[in-house]
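Written out below as structure tokens is the structure these notes cover.
Bear in mind these aren't lab numbers, they're just calculated from the coordinates by the rules spelled out. From a predicted model like this one, the values you see are computed outputs, not experimental measurements. Note: ideal-geometry Cβ built from the backbone for every residue, glycine included; neighbour counts use all protein chains shown.
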Amino acid sequence: AVKETEITGLDLFTEGRLQVLQIYRLLQWVHEGDKEQIEKMVNLGVENLINLAEPQDGTGVLHVAVSANNRDLVSFLLSHGAQPNIQDKKGRTPIMLAAELGNDTILALLAQSHADLRLEDAEGKGVLFYCMYPTKRHTRCLQLALRCQADVNNMSAQGTHVFQLMCEKASECTPMCLIMLDSGTDPNATNQKTGITALMEAAKAGSVQLVRAILKAGGHPNSLDWKRFTAVHYAAMGGFFEVIQVLSAYSADMGVINLEDCTPLHYAAATGCNPKLKNQEGSLPRQIAKDAGHKAAAKELRKAEKQQGKGNKSSGVGLMSDFWALTLHDWSNEYETELRQEIGDKSDTVTSEMFISVLEELKAPVEPEQLQTVILAHDKGKDGCVNISDFIKGVKYIKKPFLLSSYMPKKKKEKGGKGGKKKKGKFELPMPICTLPPELMPRRSDGGPPNFMIETYYNCSDISRFDHDHPPEHPIMNDSGWYMEKPEKIYVNINYCVKSGDLESLDLAFNQGVPVDVQDELYKTPLMVACSSGNYKVAQYLLSQGADVNACDQFLWTPLHHAAHAGQVELIDLLVNAGADVDAQALSGGTPLMRAIESSRPSCVDFLIKAGANVNAENKKEQNCLDIARAFADSRIIDLVKDKMDSQPKPKEAGKGKGGKAQKTKSAKEKVQK
């Protein structure tokens with residue numbers, strides 16, 4: 001008997017003709033999922049048929065079942081003696097394919113069947129290389145593989161470390177990288193061909209969280225790749241200031257010169273480097289910034305050039321800009337939480353002795369003599385105490401241009417004196433969510449797409465396949481549909497069917513239980529789309545199916561708003577007769593009549609006015625129908641609106657003016673003429 005750990009695809013390729021024919025037939029049954037035929041062939045076929053592989057690619061039965069995402073079939077094959085460690089000609093095992101597909105249930109099943117997660121493919125890649133996809137399913141596969149002792153420091157034959165490659169995709173896979181760190185991977189994982197470390201890849205991606213985690217796990221901030229680039233170089237290239245700040249807190253060298261004689265300052269305007277160094281092309285950082293059009297950066301670099309060599313040495317206990325002081329300032333901001341935990345929440349002020357002991361315990365990047373300088377700067381009253389908040393802010397020992405707070409955006413001062421009345425602000429329309437959130441678009445119970453994605457109707461009969469020489473078997477009917485394979489289901493947005501007038505697909509959807517007022521991802525119901533696209537026939541059909549004539553979208557527009565805005569008088573007539581509210585107000589306060597005025601369609605305006613629409617209604621900007629008609633300057637519509645306003649009964653006079661005569665109110669005509 002062959003031991004389970006010894007069985008690989010390389011050992012079990014078919015050789016004889018009978019074996020080849022039987023393994024191909026078995027793979028066909030596995031592909032079709034026919035368990036009865038599989039069991040018959042396993043029992044009656046050649047010896048150990050279930051563990052043989054076809055000779056071309058080395059594919060075995062488990063490879064096919066896993067690729068089909070068929071968990072039941074995988075379980076069935078395992079129960080009949082299929083070995084989980086068989087490898088194809090590329091060295092891939094079934095569990096690697098499951099990890100690549102993100103099928104954590106099949107991966108768990110194979111792991112329970114004692115699959116070896118330390119096997120490597122022909123390129124030296126283990127199962128963790130197959131988990132690097134930014135989905136929750138692949139993350140679960142990674143966690144499961146790590147629990148089953150997968151190699152966290154797997155190195156491919158090309159010299160690529162699994163963690164370094166994962167950090168290369170940090171912009172999408174940061175959570176997976178953090179899981180790898182927690183599982184004990186090497187924080188200094190390096191690509192043997194390029195010398196690029198995991199920390200460099202994380203800095204290149206700008207992932208502050210991952211950079212911080214790698215440094216805390218022991219990553220070296222000053223490692224060099226084969227081009228003498230450091231993590232600071234890559235962070236500067238991407239303009240990731242927060243990453244540079246974290247690296248500085250861990251004593252990263254800001255002045256490293258690469259093979260092109262460039263410091264990080266040549267890639268970005270960062271502090272801590274010599275701004276007078278030139279690269280191989282003889283360019284200063286200021287010249288590079290100027291050529292790139294970054295005037296603000298060039299201005300700061302010009303200042304740095306003037307200050308280079310001046311004022312960088314501390315004198316007494318004054319404000320400093322020494323490299324060690326700046327590093328300590330960055331470190332204190334990075335470790336603020338740990339500092340406060342060690343000191344406690346009782347008071348911000350601590351004794352000098354306690355301050356020294358806490359910094360020594362947290363391994364602060366500072367020498368004892370330098371620490372005494374910091375204490376003297378904070379203890380000018382010689383009380384023997386240090387204020388932790390002042391130390392973290394750095395105001396007592398760091399020059400103002402070098403404080404981290406100087407890089408933060410300044411808060412705008414509020415205008416207006418004390419006790420003054422607040423001016424009434426301009427009306428701002430609240431902006432609702434423009435698309436449905438995922439929780440309001442649940443998939444169907446059978447795993448299908450959301451309800452607004454409907455199955456398209458397909459007439460499976462095909463009259464073109466028959467002719468005089470090959471007539472259909474039925475003498476009268478076209479029965480070709482009985483002899484054709486059932487087509488695959490195709491799902492489309494229900495509102496595409498509305499626009500195209502596909503009543504067959506709509507009828508099929510409603511018969512399958514899809515609500516007639518289902519909203520698509522833009523909150524639009526089929527009736528709204530039918531009205532906005534001017535499809536009278538579809539709108540009539542939807543109303544016969546019970547569509548809500550007063551349904552609202554996210555802007556509180558009803559189907560009547562859409563029909564009026566599109567200038568469809570026939571649809572307006574249809575909706576009003578179906579009970580639509582002619583004075584329904586949208587989010588902005590607009591009515592269907594206002595939308596009709598904006599469409600410049602006199603027929604729509606006239607119909608709505610005759611249907612009883614209120615011409616005196618106002619929107620949130622306090623504009624009535626006449627104001628909107630003036631704004632759109634269509635004389636025909638202005639006449640319609642003012643005639644309606646003038647025909648309305650005038651409001652009762654509240655009082656009389658001087659001389660006992662009643663004051664006359666101006667008519668709409670006078671307003672227009674004025």
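Report the full-extension gain for the segment Gln512 to Thr351: residue separation times 0.36 nm, less the Cα-Cα distance, to one decimal in nm. Intermediate results must be reported in sequence, preceding the final value.
Working: separation 161, 0.36 × 161 = 57.96 nm, distance 7.62 nm.
Extending this stretch completely gives an extra 50.3 nm.
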- Query: To the nearest 0.05, what FRET efficiency results for Arg118 and Lys89 with a Förster distance of 22 Å applied to their C-beta separation?
  - Reply: 0.65
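Would you order Asp348, Asp104 from fewest to most other beta-carbon atoms within 10 Å of each residue's own beta-carbon? Don't skip to the end; give the middle numbers.
On the way: Asp348 15, Asp104 21.
Ordered from fewest to most neighbouring Cβ atoms within 10 Å, Asp348, Asp104 come out as Asp348, Asp104.
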- Message: If amide hydrogens are placed 1.01 Å from N in the peptide plane, which non-local residues have theirs closer than 5 Å to the one on Ile398?
- Response: Met320
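Let me know the charge dipole size of the stretch 336-407 about its Cα centre in debye, to the nearest 20, where only the beta-carbon of Lys, Arg (+1) and Asp, Glu (-1) is charged.
Details: 9 positive and 13 negative charges, 92 e Å.
For this selection, approximately 440 debye.
Would you mind ranking Ser223, Ser647, Ser113, Ser445 so that the residue whose beta carbon has the fewest other beta carbons within 10 Å leads the list? Walk me through the intermediate numbers first.
Working: Ser223 17, Ser647 10, Ser113 20, Ser445 6.
Taking fewest neighbouring Cβ atoms as first place, the list is Ser445, Ser647, Ser223, Ser113.
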- Each residue of the stretch 196-206 in order: what ³J(HN,Hα) in whole Hz does its phi give by Karplus 6.51 cos²θ - 1.76 cosθ + 1.60, θ = phi - 60°, with x for Gly and Pro? 6, 9, 4, 5, 5, 5, 5, 5, 5, 7, x
